[in-house]
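To start, the structure under review is shown below, and the notes come after it.
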Amino acid sequence: MRETTPALSLNPSQIARLIGYCTAYRYSLWRSALPTPERNQTMRVIQALQGRLEKAQEHGHASVILALSGEEGTALRQLLLGLMQQSSQEPPSAERNQKLGELGSLRVLVERTLRQTQAF
C-alpha cells in the first residue's frame, strides 16, 4: 500500500472560513484546555496551517490545492469536530445553524480527502 499526501481543494470562501475557524479554535484551546504538550503542539500545527491558508488567500486564485501532512489532517479533524461540538451548545439561531452547516460541509470535504488518500 502506497502512502499519498492528501490534497485539499478549497475555494476562496472556504479558505476565508477556515482561517476564521483556525483563529477561533486556537483561542478556544488557549482559554479552555489545560496547557499540555499535546495542546501546544495542536495549536502550533493549527497556527502553521492558518499561515499557509492566509498565504494562499493572498494569491487570490479561484481555487487552491493545499497538501496536508498527517499531523495537519489530524489537527483539522480536531478543529472541525471541536467547533461543531461548541456550536451545537449555543442557543438555536440562524447564525448557529449556518455555522454548523459550514463546519459540517468542511468536515465532509476533509474526511473525503483524507479517506481517498488512504485508499491508494
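So here's what we get for this one:
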read-out	value
Counted residues, the stretch 82-98 - those being in a helix (DSSP H, G or I), free of Cβ contacts under 8 Å to residues at least 60 places away in the same chain and either more than 18 Å from CYS22 (Cα to Cα) or touching a helix residue (DSSP H, G or I) at 6+ places or on another chain (Cβ under 7 Å) (or both)	9
Boolean, LEU66 is modelled with pLDDT under 95 and either out of contact with any Phe, Trp or Tyr (no Cβ under 7 Å at 6 or more places or on another chain) or among the aromatic types (Phe, Trp, Tyr) (or both)	yes
Answer residue from the stretch 14-30, given it is surrounded by 17 or more Cβ atoms within 10 Å (Cβ to Cβ) and not aliphatic (A, V, I, L, M) and is nearest to VAL108 (Cα to Cα) among those	GLN14
Qualifying residue in the stretch 1-10 (condition: farther than 15 Å from LEU106 by Cβ, charged (D, E, K, R) and part of a loop (DSSP other than H, G, I, E, B))	yes
Criterion: within 11 Å of the chain's Cα centre (by Cα) and either assigned to a loop (DSSP other than H, G, I, E, B) or among the charged types (D, E, K, R) (or both) - qualifying residue of ARG17, ARG31, ARG39	ARG17
Check on SER88, of a type in the set (Gly, Ala, Ser), in contact with a Lys or Arg (Cβ under 9 Å, 6 or more places away or on another chain) and surrounded by fewer than 19 Cβ atoms within 10 Å (Cβ to Cβ)	yes
Single residue of the stretch 79-112 satisfying the filter (more than 25 Å from THR4 (Cα to Cα) and among the basic types (Lys, Arg)) that is nearest to the chain's Cα centre (by Cα)	LYS99
Answer residue from the stretch 24-47, given it is free of Cβ contacts under 8 Å to residues at least 12 places away in the same chain and of a type in the set (A, V, I, L, M, F, W, C) and is nearest to SER13 (Cα to Cα) among those	ALA33
Residue in the stretch 55-75 that is farthest from PRO12 (Cα to Cα), counting only those that are surrounded by 14 or more Cβ atoms within 10 Å (Cβ to Cβ), of a type outside the set (S, T, N, Q) and free of Cβ contacts under 8 Å to residues at least 40 places away in the same chain	GLU71
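The values are calculated or read from the model by the stated rules, or taken from the named source; none is laboratory data. Just so you know, these numbers come straight off a predicted model, no measurement behind them. Note: ideal-geometry Cβ built from the backbone for every residue, glycine included; neighbour counts use all protein chains shown.
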